[in-house]
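Each value in this text was obtained by applying a stated rule to the coordinates, not by laboratory testing. The structure presented is a predicted model; accordingly, all values stated were derived computationally and were not measured.
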Amino acid sequence: MRLAAVLIPSSQRFDTGENDQNDDAGFCIVGGQIASNALAATYYPTTMRSSGVGWALGIGRIGSIVGPLIGGIMLARHVGAETLFMAAAVPGLCASLAAFALARITRRDAAAAALSARTTPIA
């Protein structure tokens with residue numbers, strides 16, 4: 001949307017600037033999904049990498065189907081905008097917490113491997 005706002009003259013634009021935060025949030029969510037797919041390839045061992053990446057892609061596709069479905073149900077039940085956006089933030093928060101935990105576990109395992117490599121006597 002930002003690129004379209006720059007390239008299209010202001011007299012021909014439909015966007016009034018009110019949805020800029022929504023555009024930014026959508027950009028970050030999609031970018032986060034793409035990044036998590038790329039990271040999945042680095043976290044799985046080579047022997048099971050294709051299965052791990054396949055599962056990551058599948059879970060992402062399920063979320064892209066179920067999310068709008070739940071949002072539509074909430075809109076049909078006349079849920080307020082604040083509640084709708086709070087509910088939409090929960091999956092992103094869960095994904096952020098999972099990524100943070102994965103980073104900590106990976107860092108801890110790397111530190112333990114480095115420590116054991118230093119303390120192992122060379123024969």
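Taking each residue as 0.36 nm, the span from residue 70 to residue 55 lengthens on full extension beyond its C-alpha to C-alpha distance by 3.2 nm.
Please label the shape of segment 56-123 as rounded, prolate or oblate, based on the square roots a ≥ b ≥ c of the eigenvalues of the alpha-carbon gyration tensor (a/c under 1.5 means rounded; beyond that, a/b larger than b/c means prolate, else oblate). Here segment 56-123 falls in the prolate category.
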